[in-house]
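Data first, discussion second: the structure below is written as structure tokens.
The values are calculated or read from the model by the stated rules, or taken from the named source; none is laboratory data. This is a predicted model, so every value here is computed, not measured. Note that each Cβ is placed from the backbone with ideal geometry, even for glycine, and that neighbours are counted across all protein chains shown. For accessibility, only protein heavy atoms count, side chains too; no ligands or nucleic acids. Shrake-Rupley method; radii C 1.70, N 1.55, O 1.52, S 1.80 Å.
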Amino acid sequence: MIPLFKERRRKLTLFKAMRPKPEKLPNRIPEGLYTRCPDCKQDFVTDQIAAGFYVCPGCGYHMKLTAQGRLKLVIDKGSLRELNAGLVTLECLDFPGYSEKLSNLQSSTGLKDAVVTGFCTIEGHSAVIAVMDSRFMMGSMGSVVGEKISRAFEYATKKRLPVIIFSASGGARMQEGIISLIQMAKTSNALARHHQAGLLYISCLTNPTTGGVTASFASLGDIIIAEPRALIGFAGPRVIEQTIHQTLPQGFQRSEFLLEHGFIDQIVERPRLRSTLATLLRLHSVTAQKKGGG
Amino acid sequence: MALQEAEDRIRQLDIELSRATDTATQRELQQEKSQLLAQAYGSISSFDRVYLARKTTRPGVRDYIGRIFTDFFEMHGDRLMQDDPAVIGGIAALDGMPVTVIGHCKGKTLDENIKCNFGMPNPEGYRKALRLMKQAEKFRRPIITFIDTPGAYPGLESEMHGQGEAIARNLMEMGSLTVPIITIVIGEGGSGGALALSVADRIWMLENAVYSILSPEGFASILWKDSSRAREAAELMKLTAYDLYARGIVDRLFGEPAGGVDSNSRSIYERMKNALLNELSILGRQNGRALVEQRYKKYRRIGDCTSK
């Protein structure tokens, strides 16, 4: 009996293999046509979301922006003159797999590391801008981010320009160890010189800004603005929960929470981000001219 | 065998030794003990040093203050919110010279540990430290900080009160202080919580102290989602005094006797006092601006992305 069944099955599979395979139906919905809001879980046409700079039309959630997307939103078209674009880390020898990870990310994101810095204009006002990109190892700060931010402050101090930084970071980059930690002190010291020269620094906090970036330049702006509902804090929520063995209250470490506790000046939604920055630059350019005598 | 296990075994041997009656067993046990000691302290791994750095019997900030300085007057509170016992500080005299001393305090007994939050500061601790440092600048006193913390406390209230801002402010302000600053890592130097008291002209370290971006446990749990791989992480992290000295982050090492500084701590106070007097006489000759400039350069060159 059993060999008979086996024989039958063998033949059937033979026939199955010979039968023409039904052509795979083309997916009716092309990949990427729709984007799901991570907050309210509704689907929207990607083009519509992109046109609105990735603000959810349903709930107003501010989705993550790439560095390129952020620059497009904020600065005058074609005004970017990138600074130190070619910098790459020299601290990648000790950690296994780190170099490979970097080169993979470099080709997939088109970035050399987690921050883009440069000179730009915003509605005609000159500024030095730095934009972090959370796609690149969670926007973590290693030697390249630390160096580019420090150089940006030094350049701005020399040229007497304001600095605008968009932070998006999980903190210090573990793979570069103590070197990453020291970048917190390095950037803060470069910032101090810019500050002492009487120049403006606007820190813009986006989702997420945590760890070593929060504990250095991101928290030291003359003016600190944040996007709505962004996660901002020193320790990550999971670490805190594990430490205190409690569930965290709703909205803990979000922009609104920080505003309430006095750590940011204002929450600014994307549609009015560019004009807000332009206004702030204008308001400070007058005083800067008076003080510096042109 | 890891150092911690070896020490446990030695403790056990000591008990057996005290109970042993005949000389043959005593000799045998004694031999095993000396073998273990030689083996354990002969090849110390990075994780062994983490263990030594965390030992509760190790001298803490109060021991150093008490044995190196005189006339210590402790000051409390950040003048904003409250006093944080995880950071202590005040004025003291170093061979007659007034200085400001600040340090992380873990406490010795369990009660003290709890009171000091195991040396994990809240924002109030950093703000108290900054207040004392600004005061030191006003009265032209050098600043000496002692580092011994697992890290800044990751809690609900510490976030509410701006842990990130407090650390950031200290980093920025310490870079601009016009008086000499010397930092000594005496135990654990954990992450931003340690850095916020250690932007200094000179960074010194005890041989078995460690200084890292994160605890090995935290590092392992972030990278491999497995905190039990801490031993492996420690080797990778380059967190020992020797590693940091080789990288030019630490300027001077203080050797420890085998078994750690707690096994014979008398000499360390003397050596440290002499080193402080020497270094402060050198740094004291420079004016404030030169100090700030040199301190800036010291940090500026770390990770500057240009080949050496």
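Take each residue of peptide B:220-226, count the partner chain Cβ atoms within 10 Å of its Cβ, and average: the result is 2. By the rule of a C-alpha distance below 30 Å, with chain neighbours fewer than 8 residues away ignored, the lysines paired with A:LYS11 are A:LYS21, A:LYS24.
Which net charge results when you count Lys and Arg as +1 and Asp and Glu as -1 among the other residues whose beta-carbon is under 13 Å from that of B:THR183? Here the charged neighbours net out to 0.
Taking the longest Cα principal axis of chain B as reference, the axis of helix B:163-174 is set at about 70 degrees. Dipole size of chain A about its Cα centre, with +1 on Lys/Arg Cβ and -1 on Asp/Glu Cβ: approximately 1280 debye, rounded to the nearest 20.
Springs between Cα atoms under 10 Å define the GNM used for chain B, and in it the highest mean-square fluctuation of B:ARG141, B:ARG49, B:ARG27 occurs at B:ARG27. Comparing B:THR109, B:THR240, B:THR183 in a Gaussian network model of chain B (Cα springs below 10 Å), the most mobile by mean-square fluctuation is B:THR109. Using a ≥ b ≥ c from the Cα gyration tensor of region B:3-43 (square roots of the eigenvalues), is it rounded, prolate or oblate, where a/c under 1.5 gives rounded and otherwise the larger of a/b and b/c decides, a/b for prolate? Judged from the Cα gyration tensor, region B:3-43 comes out oblate (a/c at least 1.5, b/c at or above a/b).
Using a cutoff of 8 angstrom between alpha carbon atoms and counting only pairs six or more residues apart, the relative contact order for chain B works out to 15 percent. Calculated on C-alpha atoms, the gyration radius of region B:1-99 divided by its Kirkwood radius gives an Rg/Rh of 1.23. Please work out the FRET efficiency for the pair B:ARG131 and B:ASP304, using the Cβ-Cβ distance as r and a Förster radius of 30 Å; give the result to the nearest 0.05. Computed FRET efficiency for B:ARG131 and B:ASP304: 0.40. Assign one of three labels to region A:175-294, namely rounded, prolate or oblate, based on the Cα gyration tensor with a ≥ b ≥ c the square roots of its eigenvalues; rounded applies when a/c is under 1.5, prolate when it is not and a/b is larger than b/c, and oblate otherwise. Judged from the Cα gyration tensor, region A:175-294 comes out oblate (a/c at least 1.5, b/c at or above a/b).
Straight Cα distances below 17 angstrom link A:LYS41 to the lysines A:LYS64, with same-chain residues fewer than 8 positions distant left out. Size of region A:1-141 from its Cα atoms: along the principal axes, largest to smallest, the extents are 86, 46, 26 Å.
Note on B:ALA2 and A:SER107: with the Förster distance fixed at 60 Å, the Cβ-Cβ geometry gives a FRET efficiency of about 0.90. Distances between placed amide hydrogens fall under 5 Å for B:GLY77 paired with B:ASP84, all partners being 5 or more residues away or on another chain.
Which net charge results when you count Lys and Arg as +1 and Asp and Glu as -1 among the other residues whose beta-carbon is under 12 Å from that of B:LEU3? Every neighbour counted, the sum reads +1. Apply the a/c threshold of 1.5 to the C-alpha gyration tensor of region B:134-261 and tell me whether it is rounded, prolate or oblate. Judged from the Cα gyration tensor, region B:134-261 comes out oblate (a/c at least 1.5, b/c at or above a/b). Quick check for me: using +1 on Lys/Arg Cβ and -1 on Asp/Glu Cβ, what's the dipole size of chain B about its Cα centre, in debye to the nearest 20? Dipole size: approximately 1180 debye.
The gain in end-to-end length when the B:GLU74 to B:GLN35 segment is fully stretched comes to 9.5 nm, 0.36 nm per residue minus the alpha carbon separation. In chain A, Cα pairs under 8 Å separated by at least six residues give a relative contact order of 13 percent. For A:ALA168, nonlocal amide neighbours, meaning residues 5 or more places apart or on other chains whose placed amide H falls under 5 Å from its own, are A:MET132.
Potential lengthening of the chain between B:GLN286 and B:GLU16 amounts to 91.3 nm, from the contour at 0.36 nm per residue minus the alpha-carbon distance.
Principal axis extents of the C-alpha atoms in the protein assembly as shown (largest first, rounded to whole Å): 100, 89, 47.
In straight-distance terms, cross-link reach from A:LYS6 covers every one of the lysines whose alpha-carbon lies under 20 Å from its own, apart from those fewer than eight places away in the same chain; here that gives A:LYS16. Its Cα centre serving as origin, the protein assembly as shown has a Cβ charge dipole (Lys and Arg +1, Asp and Glu -1) of approximately 2220 debye.
Which of these, B:GLY103, B:GLY190, B:GLY255, has the largest mean-square fluctuation under a Gaussian network model of chain B (Cα springs below 10 Å)? For chain B, modelled as a Gaussian network with Cα springs under 10 Å, the answer is B:GLY255.
Here's the picture: charge each Lys and Arg Cβ at +1 and each Asp and Glu Cβ at -1 in the protein assembly as shown, and of A:ILE164, A:GLY142, B:LEU244 the one pushed furthest to the positive end of that dipole is A:ILE164. Per residue, chain B exposes 42 Å² of accessible surface when a 1.4 Å probe is rolled over the protein heavy atoms with every protein chain present.
Computed over the Cα atoms of region A:64-291, pair by distinct pair, the Kirkwood hydrodynamic radius stands at 17.8 angstrom.
The residues packed around A:LEU65, meaning those with a beta-carbon under 11 Å from its beta-carbon, carry a net charge of +3 if Lys and Arg are +1 and Asp and Glu are -1. If you take the beta carbon distance between B:SER228 and A:ALA197 as r and set R0 to 41 Å, what does 1/(1 + (r/R0)^6) give as a FRET efficiency, to the nearest 0.05? The calculated FRET efficiency here is 0.25. Which one of B:ALA92, B:SER46, B:ILE222 is farthest out on the positive end of the charge dipole of the protein assembly as shown, using unit charges on Cβ (Lys, Arg +1; Asp, Glu -1) and the Cα centre as origin? Final value for the positive-end residue is B:ILE222.
Exposed loop positions in chain A were taken to be GluC sites (Glu not before Pro) whose DSSP state is not H, G, I, E or B and which have at most 11 other beta-carbon atoms within 10 angstrom. Between these positions, the longest stretch is A:32-294. The ratio of the alpha-carbon radius of gyration of chain B to the globular-protein estimate 2.2 N^0.38 Å is 1.06.
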